[in-house]
Amino acid sequence: SNPPVAPEISSSVALDFVLIGRTSAFLLLHQARAERFFRSDHTNNWAVLVCTSRFWFNYRHVANTLSVYRSVKRLGIPDSHIVLMLADDMACNHRNPKPATVFSHKNMELNVYGDDVEVDYRGYEVTVENFLRVLTGRLPPSTPRSKRLLSDDHSNILIYLTGHGGNGFLKFQDSEEISNVELADAFEQMWQKRRYNELLFIIDTCQGASMYERFYSPNLMALASSQVGEDSLSHQPDLAIGVHLMDRYTFYLLEFLEDIHPASQANMNDLFKVCPKSQCVSTPGHRTDLFQRDPGSVLITDFFGSVRKVEITMETINLTPHTETALAYVDQLPVAQIIHQKPKQKDWHPPDGFILGLWTLILLVFFRTYGIKHLKHIF
Amino acid sequence: MPTLTLASARSPFRDEFAEELAIRPLHSGDIHASFQFRTVWGVDLLQATDPRFLRYAILPREIVCTENLTPWKKLLPCGSKAGLAVLLKSEKLFHSSYFSQAVHIRPVCQGMHCTVPSWEMRQTLNVVFDLYTSGQGKREWSMFKIKIYVDVTDSPQGELFELSPPTPLLSQAVVLGDRRTYSVYDLTDPGTFGKVRSLNLLVRWKADNGDMLRPLLHGERYVAGFGLQTGEIHTLIYNNHPYRAFPVLLLETVPWYLRLYIHTLTVTSKNRENKPSYIHYQPSKDRLRPHLLEMLVQLPPNSVTEVTVQFERALLKWTEYPPDPNHGFYVGSSVLSALVPSLVAMDTNITQEHPLFSSFFLCKEESSYFMRVYTEPLLVNLPTPDFSMPYNVICLTCTVVAVGYGSFYNLLTRTFQVEEPSQSLAKRLANVIRRWRGVPQL
C-alpha cells in the first residue's frame, strides 16, 4: 500500500519543487538582467574635443574634431556636456567656397559643421594652459558653465585630440606644445580629484602612440592613430575646396560611428579594429592595461553616447553586493614604480632594404679589392 | 507669433513677445532682410543702472559664424523651432554680403505713466543677400511662408520690381528720417494665405537702374603711411544733409601698442580747420589701458570731415605675440553717434502700432533721430620678430664654437707619435682563420 501513496506524495512534492524552481529561475533571470543593466558604473557622460591647429591648410583637423562632435551629439551627449575647442575658424573662413560648412567627404556630401554647433573655446583661447585648466577644473570663477568640465566621480569622459604632433608632444597652434608627461600628470590630477570614473583618450596625430605611453592613472583606455616613428596620413582632398578634408584614422572612425545608434551593443574590441594598416597606412595602437574592465564588455555608447536606461518592473530584485570594490587611490601602484616604466619591448624586424643594400655594397667592395681568386687562399 | 495686446492698467502686466521681418529689395538686385525679435518682461530684473558701472568693450577680430548664431537663437522663446526663426538657415545666412546680429537689453516704460518697470530684450539680425554670388543669377527672389514688411517706396507703381502676391495693405513709416512705404503681409490674418496654407513671396525685378538714397551720416577709416615704424589713422565722416549742420560724437579706442601722437591730431572740413567743441582724451598705459579719445565735431552741411592722428608702432614682448603674428593686429571700430536731423517730421505717438524697426530709438524732438555708426576695424602690422632666430642662432654659434675652439684645442694639446703600421683587418681575420686551420699565416 505504500508504493501507490509514495508516487502521489513524490509527484506533489516534485510539482512543488518544479514550481519553486520555476519561480526562482524567473527571479534569477530578472536578477541577471538587472545586473547587466547596472554593469557600468557611470551616470553621466562628458566629451572634451580639441583641435589644436590653426590656418586654412589644417582644415582636416577641424573636420576631424567636428566629425567626432557630430557623432557624440547624435548619440545623445548634450552641448552642455561637450567642451569643444577649435583653434581656428574654417567654416566662415574667407577661403571657404561654401561658407558655414565644413565637409568630411569629398564632393561635399556631409557637412559636419551642422546647424547648431556650439564652440566653447575658439581661436586664441585654445592653449595648453586652458586645456589643462579645463581638465583639472582650475578655472577662474568668472568662467561660464559652458567652458567648464563639470564631471564627477561617476562620469565617463571622452577626450579627443587632433593636430600636429611628434614623439612625446602635441603642438598647439604652432607656438607651444604639450608633452606626454604633462598629459599623464593632468589625468592623475583628475583621478585624485575624483573627476572621472573611466576615461577614453583618442588621439589622431603623427606618432600618436607616444602620447599615451606615460599614463599611470587607473581606468584609462587610449587609442592612437599611429605608432612612434609613423606618420598619420590625411585622407582625400576636395578639388573645389582645395585642401585635404579629413585624416584617415578619423575618417574611418566616423564611418564606424555612423553605424552606431544609441541602442547599439558594439564594444571596444570593434573600435580597436577601426582602420587597419591597409586603410590607414599607419598602425593604430591602443592601450588597455590601466583599464579595469575587459574591453569586450565596454560598449561604445559608454563613452560616445549618453545612454539613459530606464526599465520599469514590478518585481522586487535583490542584488548581490559588489564583491570587488572599485579601485581606491591607496590601491594604486607606488608612483616610483609607475613612472619609471620599462620601455616597450621592440619587436625584431627583419633588416630592411637600406641595411641589406649597405651590406651588399660592403661585400662587393671587399670582393673587388681582394678578388675572388684570393679568397680561397685566405680561407 | 502675434503680438499680445496690452492689458489694461488694472490687470497685471504680462510678458510679451513680437517678431517681424522687413525686406527691402535694393537696386543692385540684393535683398536686405531684417529680423526683429522683441521680448518684454514685466518684472524689474536689475535694480539700478548706475552709469559708473558702464563698460565699453570691443572685440575687433571676432569671426561670426553658426557658432554665434546658435546661442543667439536659444534666447528666443521657441528657439529655432517656431516663428520667423525657422527661416534662419546658417548656410544661407553666411553666404551673403553682409551679416549682423545683435542683442539689446534695456529698461522700458510701458504705457504712458511708466508705473510698471519692465525690461526689453531686442534681438536683431540683418543680412544682405547677394543674389549673383549665391548662384541664383536670375533677378528673382522668393521666400516661403511667413508680420512681413516689404519696402515698396522705390517702386510705387511697380516700375522697379513687381511683388506677388499683391496685397492691398499698405503702411507708412518713417525709418531713419525717410518716409517709406511698406506692403504688409500680416501672417496672423488668414486672408493673407488664401486657399494655400503657405505664403510664397516673390519679388521680380523689372528695371535695372535707379538711384539709392544716400544715408545722411556715414564714416570710413583707414591707415595711411608706409613701413613698420609710423603711420596715420584717417577717419572720414560724411554729412550728406543738403543744408543742415549737426554735431557728431566720435569715440575712438586705440590699443596701447599704437602710440598716438595727439599733438598731431587735426580735424579738417572742406579744407579748413574745424576745431572740435569738446575733446576728452585718456592716455594709454602700456599693457593696461588703451587710448580713449572722444570728440564732439560739428559737421558742416554736405561735407566730408577728416580726422587724422599720427602714431608710432610699439615692439611687443616675445610672449605677447599671438600664434599668427604676421596676420596683423586689429584696431577696433570708432563709433559715431549723432542726432541726425531728418528730412521728414516723425510721429512720436508711441501707442500706435508701429513696425519694430522704426521704434527702436524714439526721440523727443520731432525732426531728428538718433543714429550710431561703426566704422571698419583696422588691421595694422607691428614690427614682428623672426621667431625661428633663436634656433638659428644656437645652431650657428655652436658650430662656430665647435669649429674654432676645437681646432684651437687640437693645436694646443695634440702630439704626434710614430707608429708601426698594423696589419689590415682582412689580413688579421685571415690569420685567425689560418691559425685555426693549421695553415701557415700571412
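The numbers here are math on the coordinates, done by the rules we state, and not lab data. This one's a predicted model, so the numbers in the text were calculated from it and none came from an experiment. Note that each Cβ is placed from the backbone with ideal geometry, even for glycine, and that neighbours are counted across all protein chains shown.
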Using a basic spin-label model with each label point 7 Å from the Cα along Cα→Cβ, how many nm lie between B:Ser367 and B:Tyr405? 8.5
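How high is the FRET efficiency between B:Thr266 and B:Val64 when r is their beta carbon distance and R₀ equals 25 Å, given to the nearest 0.05? Each step should come with its number before you reach the end.
Working: r = 35 Å, r/R0 = 1.39.
With a Förster radius of 25 Å, E is 0.10.
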Taking 35 Å as R0, compute the FRET efficiency from the Cβ-Cβ separation of B:Val103 and A:Asp41 and round it to 0.05. 0.25
With label points set 7 Å from each Cα along the Cα-to-Cβ direction at B:Tyr278 and B:Asp44, the distance between them in nm comes to 3.0
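What's the exposure ranking of B:Leu54, A:Leu363, A:Leu149, going from fewest to most Cβ atoms within 10 Å?
On the way: B:Leu54 7, A:Leu363 10, A:Leu149 23.
Exposure proxy ranking, most exposed first: B:Leu54, A:Leu363, A:Leu149.
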Per-residue ³J(HN,Hα) for the stretch A:171-181, Karplus 6.51 cos²θ - 1.76 cosθ + 1.60, θ = phi - 60°, Hz, x for Gly and Pro: 8, 10, 6, 6, 9, 8, 10, 10, 9, 5, 5
Tell me, what ³J(HN,Hα) does each residue in the stretch A:294-307 have, in order and in whole Hz, if you take phi through Karplus 6.51 cos²θ - 1.76 cosθ + 1.60 with θ = phi - 60° and put x for Gly and Pro? 6, x, x, 9, 9, 7, 4, 6, 5, 10, 8, x, 10, 8
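Hey, fewest Cβ within 10 Å first, where do A:Lys277, B:Lys89 land in order? Mind showing how you got there, number by number?
Values: A:Lys277 10, B:Lys89 13.
Ranked by crowding around the Cβ, least crowded first: A:Lys277, B:Lys89.
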If the only charges are +1 at each Lys and Arg Cβ and -1 at each Asp and Glu Cβ, what is the size of the charge dipole of the stretch B:217-380 around the Cα centre, to the nearest 20 debye? 440
Would you mind calculating the gained length between A:Gln236 and A:Leu361 on full extension (0.36 nm times residue separation, minus the Cα-Cα distance), in nm to one decimal? 41.0 nm
Distance from the Cα centre of the stretch A:235-298 to that of the stretch B:378-442, in angstrom? 47
Among B:Val297, B:Ser277, B:His263, which residue has its Cα furthest toward the positive end of the charge dipole of the stretch B:258-306, with +1 on Lys/Arg Cβ and -1 on Asp/Glu Cβ? B:His263
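Report the full-extension gain for the segment A:His94 to A:Thr369: residue separation times 0.36 nm, less the Cα-Cα distance, to one decimal in nm.
Details: separation 275, 0.36 × 275 = 99.00 nm, distance 6.56 nm.
Length gained between A:His94 and A:Thr369: 92.4 nm.
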Given a Förster distance of 30 Å, report the FRET efficiency between A:Leu29 and A:His261 from their Cβ-Cβ distance, rounded to the nearest 0.05. 0.70
Just how many % of Cα pairs in the stretch A:107-159 lie over 14 Å apart, if you round to the nearest whole percent? 65
Taking each residue of B:85-94 in turn, how many C-beta atoms of other protein chains fall within 10 Å of its C-beta, and what is the average? 3
Which ³J(HN,Hα) values, rounded to whole Hz and listed in residue order, are derived for the stretch A:155-163 from phi using the Karplus coefficients 6.51, -1.76 and 1.60 in 6.51 cos²θ - 1.76 cosθ + 1.60 with θ = phi - 60°, glycine and proline given as x? 9, 9, 10, 10, 10, 10, 10, 8, x
Within the stretch B:287-336, trypsin sites (Lys or Arg not before Pro) in DSSP loop having at most 16 other beta-carbon neighbours inside 10 Å: B:Arg287, B:Lys317
By Cβ neighbour count within 10 Å, fewest first, A:Ser67, A:Ser142, A:Ser155 rank A:Ser142, A:Ser155, A:Ser67
Shape call, the stretch B:391-442: gyration tensor on alpha carbons, a/c limit 1.5: oblate
